[in-house]
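Working notes, beginning with the structure itself.
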Amino acid sequence: MNDEFYIKRTLRLASKAKGLTSPNPMVGAVIVKNGEIIAEDFHRKPGAPHAEPLALEKAGKKVRGAVLYVNLEPCCHTDKRTPPCTKAIINSGIKRVVIGMLDPNPKVAGKGAMELQNAGIEVRSGILEDESKILNEFYVKHVTTGKPFVILKTAMTLDGKIATPEGQSKWITCEKARKIVLRLRSRVDAIMTAIGTVKSDDPQLTARVKIGKNPLRIVIDPHLEIPLNAKILKMPPQTIIVTNTRNLKSIYLEKSGINMLYYKEKLNLKWLMEQLGKMEISSVLIEGGSSLNSHALEDGVIDKIMFFIAPIIIGGRESFPAVGGKTYKRLEEAYRIKDLKIKRIGDDLLIEGYIR
């Protein structure tokens, strides 16, 4: 049982809280003594105890001389609702700490590891660092840039269409693929769509899963066309409407508890992501149509793509493509995807990767 084995275990523990800790990271802790795990735990939600003190409390007096494994550097600052984890670790008698990745938060950023070392504790970091960063990619993006991590999700046919000319799109993908999307919704802070999708489908944009949360809904609606009886206005959680229209309807919506976010002239999605980041929204899932997909790519806000491809062909010049817009990229300028993964989901394929 080496360091990599136990860090993998911390990652599995941490992932139990997917979608529940934002804007905090997901953290798991494992305490090992004489080759045996004597305690382990994970961070569950903001304001709740962190993984390290939870595991230390479980270990009790046995902890002295043990090794602590944690996928993220222990915190050392007081600008939060819980005490610094480094103090608890130092006072416990832990002799060695193994860390998956250093915390990119400027308030920590190596200071936690240094504090432990200065107290005479042996520290090793960078174990399964890539895996640790992927697990907390939402947190890493938000804490380093102030903006949310953005996923572009679309479901399309083999010939790249997301709807027929009449707007028919239910259901292109299989039930298994749709269940994966519902789980994904439960793990992000917000879902973003455009007014066209709301008017045509009247979606709830909820996760509908037993464990997890329903994300905030964000609707791009320049001319404030949203019907007052739309489902996303009548049921929780919160809905944010992004518009440049101020009128009696917007006043009514504000008084009804709808969060209105106004912009001037043309919407810049980079500006919007900055505003969402200030609201502690650390992740956004875009579920829109051709126009919104194109807009998001052109404005450079996409971090990751998830394309579900069904083995069907509908054809038609007037059918809606996955990415529309009036402009296109020359081949040498095309958006390129790295770290590509392809999975079989029922009869469909899921292609996912990161924008270079």
May I ask for the Rg/Rh ratio of segment 279-339, computed from Cα atoms with Rh as the Kirkwood radius, given to two decimals?
0.99
For I218, what residues show an amide H to amide H distance below 5 Å, using hydrogens built from the backbone and excluding near sequence neighbours?
I191, M192, T193, I240
From the alpha carbon gyration tensor of segment 137-271, can you work out the equivalent ellipsoid semi-axes (sqrt of 5 times each eigenvalue) and give them in Å, largest to smallest?
24, 20, 16
Would you work out the charge dipole size for segment 288-356 about its Cα centre, treating the Cβ of every Lys and Arg as +1 and the Cβ of every Asp and Glu as -1, and quote it to the nearest 20 debye?
180
Karplus couplings for segment 282-292 from phi (6.51 cos²θ - 1.76 cosθ + 1.60, θ = phi - 60°), rounded to Hz, Gly and Pro as x?
9, 8, 9, 10, 8, 10, x, x, 4, 5, 5
Binning at 10 Å from 0, report for segment 29-182 what percent of all alpha-carbon pair distances ends up in each bin.
10, 32, 25, 13, 12, 7, 1
J(HN,Hα) series, segment 271-278, from Karplus relation 6.51 cos²θ - 1.76 cosθ + 1.60, nearest Hz, glycine and proline x:
4, 4, 5, 5, 5, 5, x, 5
Which Cα, out of A17, N34, P106, lies furthest along the positive dipole direction of the chain (beta carbon charges, K/R +1, D/E -1)?
N34
Potential extension, K343-R12 segment - 0.36 nm per residue separation minus Cα distance:
117.1 nm
Taking N as the number of residues in the chain, what value does Rg over Cα atoms divided by 2.2 N^0.38 Å take?
1.11
GluC sites (Glu not before Pro), loop per DSSP, at most 11 other Cβ atoms within 10 Å - longest free stretch of the chain
1-165
If you roll a 1.4 angstrom probe over the protein chains with everything in place, what fraction of the accessible area of the chain belongs to carbon and sulfur, to the nearest %?
51
Note on segment 111-151: alpha-carbon gyration tensor, axes a ≥ b ≥ c; rule is a/c under 1.5 for rounded, else prolate if a/b larger than b/c, else oblate; result oblate
Quick calc, I351 & H77: beta-carbon distance into FRET formula, R0 35 Å, rounding 0.05, result 0.30
What's the magnitude of the charge dipole for segment 274-313 around its Cα centre, counting Lys and Arg as +1 and Asp and Glu as -1 at the beta-carbon? Answer in Debye, nearest 20.
120
So, with +1 on the Cβ of K and R and -1 on the Cβ of D and E, and no other charges, what is the size of the charge dipole of segment 151-259 about its Cα centre, to the nearest 20 debye?
560
Take the alpha carbon gyration tensor of segment 199-246, find the square roots of its eigenvalues, order them as a ≥ b ≥ c, and report rounded if a/c is under 1.5; if not, report prolate when a/b exceeds b/c, else oblate.
prolate
Using the structure shown, list the pairs from K45/K231; K16/K111; K61/K210 with a Cα-Cα distance above 32 Å, or answer none.
K61/K210
Show me, for segment 338-345, the HN-Hα J-couplings you get by feeding each phi into the Karplus relation (A = 6.51, B = -1.76, C = 1.60, θ = phi - 60°), rounded to Hz, glycine and proline as x.
10, 6, 5, 10, 10, 10, 8, 10
Between K231 and L267, what length in nm is gained on full extension when 0.36 nm per residue of separation is reduced by their alpha carbon distance?
10.5 nm
With Cα coordinates, the longest principal axis of the chain makes an angle with the long axis of helix 3-14, in degrees rounded to 10, of 50
Semi-axes (Å, rounded, descending) of the ellipsoid equivalent to segment 226-342 per its C-alpha gyration tensor are 30, 18, 16
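The values are calculated or read from the model by the stated rules, or taken from the named source; none is laboratory data. Source: prediction; values computed, not measured. Glycine also receives a Cβ, built like all others from the backbone with ideal geometry; neighbour counts cover every protein chain displayed. These accessible areas exclude ligands, DNA and RNA; they are computed on the full protein's heavy atoms, side chains included. Shrake-Rupley method; radii C 1.70, N 1.55, O 1.52, S 1.80 Å.
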